[in-house]
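Here's the structure, in structure tokens; my notes come after.
The values are calculated or read from the model by the stated rules, or taken from the named source; none is laboratory data. Please read these numbers as outputs of a predicted model, since none were measured by experiment. Here the Cβ positions follow ideal geometry from the backbone for every residue, glycine too, while neighbour counts run over all protein chains shown. When the accessible area is computed, the model is the full protein with side chains, heavy atoms only, and any ligands, DNA or RNA have been set aside. Shrake-Rupley method; radii C 1.70, N 1.55, O 1.52, S 1.80 Å.
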Amino acid sequence: MEKKRAVNIRSTLGTTFERGMLYSKQKAEYTAVKAREHARGVMSTTKQVLYNALATVLTFVLIISIAVFMYGTFYYAYMPLEMHEEPVNLQFRACPDQMGLCSFPNASVHLHPKIKLMQGQPYSISLRLEVPDSVNNQALGMFMSCLKVVYSNKNTEHSCKSSILEFRSELLRIIETMAYSPFFLTGTSTQRQWITINYFSKFQDDPHFPAKELILEVQSKYIQVYSATLLVHAEFSGLRHIMYHHPWISTVTGVLSNVVILTLIILMSWTRFFTPEEIEQMDRDSGLKGSLKDEVVAKLAGEQAEKEDDLFNAEKDDIEIIKEAVKMGVENIK
């Protein structure tokens, strides 16, 4: 009797152990499946985050590039050249029987295509003369010079100004000559002066009949000139003044403004594109259409629910078997 009871207990314990091992195996498989699905979900989420981060960075770089390009295009279209310098070759009629000039030195400068004046922009037009600091020029005193603007409809505009060399006393000239004698002897410096004559201030070109030629005339036969240069200087005001004299501030402000505008445009476009109606339309236009897509999704969900139910039922059966085995073992022991 005792032997039979021991055999029954051993058989019951063996069956319980086998059931427990089977339950543990099924539980381990279920845990492995869940872990695998969780790992796939984490990988998918990480991949999506990386794709979104890369797309955000590329979009930001694109916005910055477009903003800089837009500001640069606006700057070069809106800002004229600040200073035009055109060398002037003075012409005169030589005297056949004596030294010197028999006519006033004059020159003609064609504006196009050398000098392009922007419509509506005020300019100042000047002549810079480089003259030797000679005795003849010092004795010349005041002299007149004139500038005539010729428009495309043959109308003209005159401006005449008087000028004089800077006065230097004999003592000052001697001291300067002695102080700068090494440079004068080596040729690195010369005794000369520059005279700047401003003919027009706030000059604006006629948009209908633009200026096409400038005629210069120095009304003195005794002046000695090294070289002459025509200066057309743009007088900036308002936004052009800020953009030219404060380039960093205007650049940062302009680029940031473009970035804000482009960002708002992109955000509004994305909001319009990814509305619920658009998402539903994309789903309808995708490869799985209508009921076929719903059937596939329902089938996958049913299979997953069936697996979970089987595992749950197996767990319940194992628990009942273990309880029954334990109960039988207790009764046999009694």
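Can you work out ³J(HN,Hα) from phi for every residue in region 186-195, in order, using Karplus 6.51 cos²θ - 1.76 cosθ + 1.60 and θ = phi - 60°, giving whole Hz and x for Gly and Pro?
Whole-Hz 3J(HN,Hα) from phi for region 186-195: 7, x, 7, 8, 9, 8, 8, 9, 10, 10.
At a probe radius of 1.4 Å, what is the per-residue accessible area of ARG40, in Å² to the nearest 10?
Roughly 150 Å² of ARG40 is accessible to a 1.4 Å probe.
In whole Å, largest first, what are the principal axis extents of the Cα atoms in region 11-124?
For region 11-124, the Cα extents along the three principal axes come out at 148, 30, 17 Å.
What is region 90-130's relative contact order, in percent, from Cα pairs under 8 angstrom and six or more apart in sequence?
Value for region 90-130: 27 percent.
Enumerate the calculated ³J(HN,Hα) couplings along region 80-97 in order (Karplus 6.51 cos²θ - 1.76 cosθ + 1.60, θ = phi - 60°), each rounded to whole Hz, writing x wherever the residue is Gly or Pro.
Here the 3J(HN,Hα) series is x, 5, 5, 9, 9, 10, 10, x, 10, 9, 6, 10, 7, 9, 6, 7, x, 10 Hz.
What is the distance in Å between the Cα centres of region 24-54 and region 135-175?
Comparing the Cα centres of region 24-54 and region 135-175, I get a distance of 89 Å.
Using modelled backbone amide H atoms (1.01 Å from N, in-plane), which distant-in-sequence or interchain residues come within less than 5 Å of ASP205's amide H?
Placed amide hydrogens put GLY120, GLN121 under 5 Å from ASP205.
Quick one: check the C-alpha center-to-center distance for region 191-267 versus region 94-128, whole angstrom.
So the two Cα centres are separated by 19 Å.
Please list, by residue number, everything in region 64-105 whose backbone N is under 20 Å from a paramagnetic label point 7 Å out along Cα→Cβ of SER201.
82-84
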